[in-house]
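Everything on this sheet refers to the single structure shown next.
The values are calculated or read from the model by the stated rules, or taken from the named source; none is laboratory data. Since we're looking at a predicted model, the values are computed, not measured. Please note: Cβ atoms are built from the backbone with ideal geometry, for glycine as well, and neighbour counts cover all protein chains shown. Calculation scope for accessible area: heavy atoms of the full protein, side chains included, ligands and nucleic acids excluded. Shrake-Rupley method; radii C 1.70, N 1.55, O 1.52, S 1.80 Å.
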Amino acid sequence: MKKLVVIGAGMASGRALEHLFEADPTAYEVTLFNAEPRGNYNRIMLSPVLSGEKSFEEIVTHDDAWYAARKVTCRFGERVAAIDTAKKIVVGEKGEVAYDKLLIATGSAPFIIPVPGKDLPGVVAYRDLEDTNAMIAAAQPGARAVVIGGGLLGLEAAAGLRLRGMEVTVIHLMGHLMERQLDEAAGYLLRKDLERRGISVLVNASTKAIVGENKADGVELADGTVIPAEIVVMAVGIRPETRVAKAAGLEVNRGIVVSPRMTTSAPDVLALGECVEFEGQLFGLVAPLYDQAKVVAATLLGQQAAFAPKELSTKLKVTGCDLFSAGDFAAAENREDIVLRDPSRGIYRRLVLEDNRVVGAVMYGDTAEGGWFFDLIRDRKDVSDMRDTLIFGQAYQGGSPLDPMAAVAALPDEAEICGCNGVCKGAIVGSIKAQGLTTLDEVRAVTKASASCGQCTTKVEQVIAFTLGDAFKGAARKTICKCTDLTHREARDFIRAKELKSIPAVMQELGWKTANGCATCRPALNYYLVCDWPGEYDDDGRSRFVNERLHANIQKDGTFSIVPRMWGGLTTAAELIALGQIAEKHRVPLVKMTGGQRVDFLGIPKENLTAVWKDLNDAGMVSGHAYSKGLRTVKTCVGREWCRFGTQDSMGLGVKLEKLMWGSWTPAKVKLAVSGCPRNCAEATVKDIGVICVDSGYDIHISGAAGLHVRATDLLCHVDTEDEALEVCGAVLQMYREEAFYLERIYKWQERVGLETIQKAVVEDIAARKALWERFLLSQTYAQIDPWAERVAGLDAHEFQAIEIVPAAAE
């Protein structure tokens with residue numbers, strides 16, 4: 001077996017090894033060097049690790065088991081000292097390794113500006129996990145950080161440190177942020193958005209020195225201004241890491257010079273990634289690196305392949321702000337601009353036309369149409385016939401807006417869906433049909449679509465839904481259960497269209513296969529009827545999960561836990577005294593503070609539930625619905641009333657939200673939070689709906705999660721007043737109630753329908769928002785009844801004890 005030595009265990013070489021092992025797992029015996037003491041991980045996702053939204057383990061691409069299964073000899077934490085191309089030997093710090101083929105993938109090194117103090121402790125770059133961990137260690141709340149560089153990495157570092165509670169200042173040499181990707185107008189919008197999030201930005205600012213004696217204490221600018229800092233992050237750029245290749249005599253210009261087959265000037269030595277130069281170009285985005293990886297694998301196997309750089313688009317998410325740019329957007333005499341600005345929503349689009357063809361595009365805030373604009377640029381399509389509606393995107397071509405599925409259907413097979421991995425619509429559709437794929441995870445594993453930065457996930461899911469709906473109708477449909485051939489969507493639509501207002505009516509009219517349904521479909525139908533016909537449908541308690549039937553959470557020993565509601569996490573001395581007395585009276589085995597800022601009574605026997613409820617009611621407390629598919633909690637920080645950093649009354653808003661929304665039944669559990677400032681002490685950015693208070697008002701976030709699946713929220717919109725915040729949150733909740741499937745969390749619903757769809761209904765269309773708000777208020781007039789009080793008043797002990805405890809279907 002031939003011997004392959006790889007220097008560098010990054011994303012590019014990792015993808016090359018994947019292609020190699022998939023094509024011929026026995027072709028090479030592989031030895032993998034890496035200066036870092038670990039293997040391949042997704043460097044694109046270091047920013048969520050810095051901000052605390054992800055752990056390092058969640059971004060590992062190849063773990064120890066992956067390497068072991070492929071018998072890769074891993075020499076991690078060992079630098080390569082030299083390469084002898086004549087003897088075909090790689091010299092590591094711990095010994096030599098012979099090779100038949102060598103792959104150099106040394107990546108890039110951060111550029112450190114040569115100013116006094118650059119070597120002081122406390123000055124870090126931002127390239128790898130060690131840099132990330134150094135920033136995390138320094139990120140104490142209230143401490144100060146200076147980030148030098150207003151490009152992508154610098155802004156991600158600034159955002160992560162800000163989310164960890166630091167005071168952050170960004171220093172940028174040029175006149176606007178991310179000048180390589182954005183024009184001046186989009187750069188201005190980005191700057192204002194960062195400042196709203198509490199990050200200070202200085203442009204046209206030149207660094208003179210890092211000040212300090214034993215460690216970095218701040219940054220001095222050319223004009224003499226000194227900005228104090230406990231940590232200084234250098235993020236001003238990268239350079240190809242070519243030292244070991246240059247020392248070995250390989251041809252090196254700015255990068256290691258490679259041929260179209262990714263071979264270097266030395267026999268049997270290949271290179272790829274950020275360290276290479278091809279036809280005068282360097283490469284920093286993941287898409288061309290993955291193209292190179294395919295060519296490397298083919299070359300190693302003796303197959304014909306050639307690397308050809310493609311025109312690239314850049315779709316990025318910086319601190320929750322979506323950005324897109326493609327082509328050449330510089331102004332010129334023979335060019336014209338089409339510009340769309342919506343300052344209230346922070347949306348900006350600019351198309352640059354030349355000879356009736358789009359040659360450049362810049363987008364900020366709403367990048368959903370980026371792929372289509374990029375296709376127009378790449379294909380040099382004449383846009384004369386769509387000139388008047390071009391700026392609004394593909395959905396508006398033809399006279400009327402299309403729904404997401406129609407837009408996907410209109411895409412040609414060659415339309416690129418995943419830019420990072422170069423996956424087009426045709427490749428996804430072909431894989432689904434050829435291999436019977438039915439889930440996002442299956443499509444991701446086979447095609448790599450959405451496997452890198454994840455920005456295209458919604459579009460990939462739309463392609464899957466479009467393909468399965470047409471090609472596999474019936475065979476791959478996800479029905480509610482075995483009792484019916486209908487999907488959740490179809491059942492909801494029929495319930496509304498036929499005005500069905502009872503479970504028997506639904507089952508009779510829609511052809512249920514069983515007389516009474518099952519533990520899967522009955523709770524779903526009961527919820528849809530409760531939601532669609534408030535005041536007309538009588539809630540069927542028999543069709544609820546056992547916890548909802550008994551208004552308490554069953555525990556592993558058969559006892560129950562009770563959680564009374566504490567509005568916005570606030571309580572009083574009288575309530576605390578009452579809680580203590582009730583716990584003592586009923587000999588509650590355990591009293592625990594929950595993560596939702598409430599008190600949990602654990603270990604209550606079933607026969608004692610009504611007595612405990614009565615005492616809690618008498619003390620003025622109602623059910624906290626900890627058992628429900630409904631509003632659980634609204635977590636708050638102390639906000640402006642007490643905290644020196646608070647910008648708004650977060651406690652007051654949290655109480656209002658909870659009193660507005662409690663008792664509402666929803667497809668799945670819902671948790672809210674209100675943070676009084678961007679420090680986010682209430683953890684609003686991992687809630688289903690989160691509000692971040694800022695000086696100018698309120699940023700509304702949605703679709704977070706912090707359970708088995710950890711997901712940061714997306715910014716829905718900014719509003720100026722508390723009343724607007726209440727209305728938007730209520731409208732979002734009502735839209736979710738009406739459109740989501742039973743047991744589908746808000747983040748899953750958003751991934752299915754798209755953030756843009758929600759924004760259009762709740763933010764852009766004021767009339768639609770008002771209608772959702774009114775429907776929510778109507779439903780709440782029938783929902784805000786304390787079930788504990790109902791049980792205490794209307795159910796005798798014998799009837800209550802007769803409720804059978806049967807484990808419900810998995811939730």
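Rolling a 1.4 Å probe over the protein chains gives T225 an accessible area of about 60 Å².
Are there trypsin sites (Lys or Arg not before Pro) in the range 109-189 that DSSP puts in a loop and that have at most 11 other Cβ atoms within 10 Å, and which ones?
Working: sites: K118, R127, R144, R162, R164, R180; in loops: K118, R127, R164, R180.
In loop regions of the range 109-189 (DSSP not H, G, I, E or B), the sparsely surrounded trypsin sites (Lys or Arg not before Pro) are R180.
Note that the range 14-27 has calculated 3J(HN,Hα) couplings of x, 5, 4, 5, 4, 4, 5, 5, 5, 7, 7, x, 10, 6 Hz, one per residue in order, obtained from phi through the Karplus relation 6.51 cos²θ - 1.76 cosθ + 1.60 (θ = phi - 60°); glycine and proline are x. Counting only heavy atoms of the protein chains and using a 1.4 Å probe, D649 has close to 40 Å² of accessible surface. Here is the list for the range 580-681: chymotrypsin sites (Phe, Trp or Tyr not before Pro) lying in DSSP coil, each with at most 12 other C-beta atoms within 10 angstrom of its C-beta, are W642.
Projecting the Cα atoms of T721, Q734, L708 onto the dipole axis of the range 661-737, where Lys and Arg carry +1 and Asp and Glu carry -1 at the beta carbon, places L708 farthest toward the positive end. Proximity of backbone amide H atoms, modeled 1.01 Å from N, is registered between G360 and D328, V352 at under 5 Å, excluding neighbours fewer than 5 places apart on the same chain.
Per-residue Karplus couplings for the range 711-725, computed as 6.51 cos²θ - 1.76 cosθ + 1.60 with θ equal to phi - 60°, are listed in order as 8, 7, 5, 10, 6, 7, 5, 10, 10, 8, 10, 5, 4, 5, 4 Hz, Gly and Pro entered as x.
What is the extension gain from T457 to A409, computed as 0.36 nm multiplied by their sequence separation minus the C-alpha to C-alpha distance, in nm to one decimal? Show your work: numbers first, answer last.
On the way: separation 48, 0.36 × 48 = 17.28 nm, distance 1.68 nm.
Separation in residues times 0.36 nm, less the Cα-Cα distance, equals 15.6 nm.
Rounded if a/c is under 1.5, else prolate if a/b is larger than b/c, else oblate: which is the range 147-278, with a ≥ b ≥ c the root eigenvalues of its Cα gyration tensor? Note, shape of the range 147-278 comes out prolate.
For the pairs K54/K478; K88/K246; K88/K294, flag any whose C-alpha to C-alpha distance is greater than 20 Å.
Values: K54/K478 30 Å; K88/K246 16 Å; K88/K294 24 Å.
Beyond 20 Å: K54/K478; K88/K294.
Ignoring ligands, DNA and RNA, what percent of the accessible area of the chain is carbon or sulfur (1.4 Å)? With neighbouring chains kept in place, the figure for the chain is 51 percent. Decide, for the range 95-222, between rounded, prolate and oblate: order the square roots of the alpha carbon gyration tensor eigenvalues as a ≥ b ≥ c, take rounded if a/c falls under 1.5, and otherwise choose prolate if a/b is larger than b/c, else oblate. It comes out prolate by the Cα gyration axes.
Can you give the helix-only mean residue ellipticity at 222 nm for the chain, where every DSSP H stretch with n ≥ 4 adds -39500 (n - 2.57) and the sum goes over all residues, rounded to the nearest 500 deg cm²/dmol?
On the way: 26 runs with 262 residues, N = 811.
Mean residue ellipticity, 222 nm, calculated: -9500 deg cm²/dmol.
Counting only aspartates and glutamates at least 8 places from K606 when in the same chain, those with an alpha carbon closer than 16 Å to its own are E548, D557, D615, D796, E799, E804.
Rounded, prolate or oblate: pick one for the range 14-147, where a ≥ b ≥ c are the square roots of the eigenvalues of its C-alpha gyration tensor, a/c under 1.5 means rounded, and failing that, prolate if a/b is larger than b/c, else oblate. Mind dumping the intermediate values first?
Details: a/c = 2.92, a/b = 1.60, b/c = 1.83.
It is oblate, given that a/c is not under 1.5 and a/b is not larger than b/c.
Roll a 1.4 Å probe over the protein chains and send me the accessible area per residue for the chain in Å². It would help to have the intermediate numbers written out before the result.
On the way: 34900 Å² over 811 residues.
Accessible surface, normalised per residue, equals 43 Å².
Accessible surface comparison of E727, E333, E53, probe 1.4 Å, protein chains only, largest first: the order is E333, E53, E727. Looking at L46, H62, I582, which one has the Cα that reaches farthest to the positive end of the dipole of the chain (charges on Cβ: Lys, Arg +1; Asp, Glu -1)? Of the listed residues, the answer is H62.
Over 31 Å between Cα atoms: which of K71/K448; K118/K448; K425/K501; K585/K635 fall into that group? Please list the in-between numbers first.
Working: K71/K448 23 Å; K118/K448 40 Å; K425/K501 41 Å; K585/K635 29 Å.
Listed pairs above 31 Å: K118/K448; K425/K501.
Note on I480: accessible area approximately 10 square angstrom, rounded to 10, probe 1.4 Å, nucleic acids and ligands left out. Length gained on full extension, E58 to L708: 232.8 nm, using 0.36 nm per residue less the C-alpha separation. Of the listed residues I256, I227, the order by accessible area with a 1.4 Å probe, largest first, is I227, I256. The three principal axes of the C-alpha atoms in the range 600-640 carry coordinate ranges of 43, 24, 17 Å, sorted with the longest axis first.
Taking amide H as placed 1.01 Å from N in the peptide plane, K208 has its amide H under 5 Å from the amide H of E220, L221, A222, each at least 5 places away in sequence or on another chain.
With viscosity set to 0.890 mPa s at 25 °C, what whole-number translational diffusion coefficient in µm²/s follows for the range 67-125 from Stokes-Einstein and a Kirkwood radius over Cα pairs?
Values: Rh = 14.8 Å.
Result for D is 166 µm²/s.
Here, the chain has an Rg and a Dmax of 29.3, 91 Å when only alpha carbons are counted. If you sort E354, E584 by accessible surface, 1.4 Å probe, largest first, the order is E584, E354.
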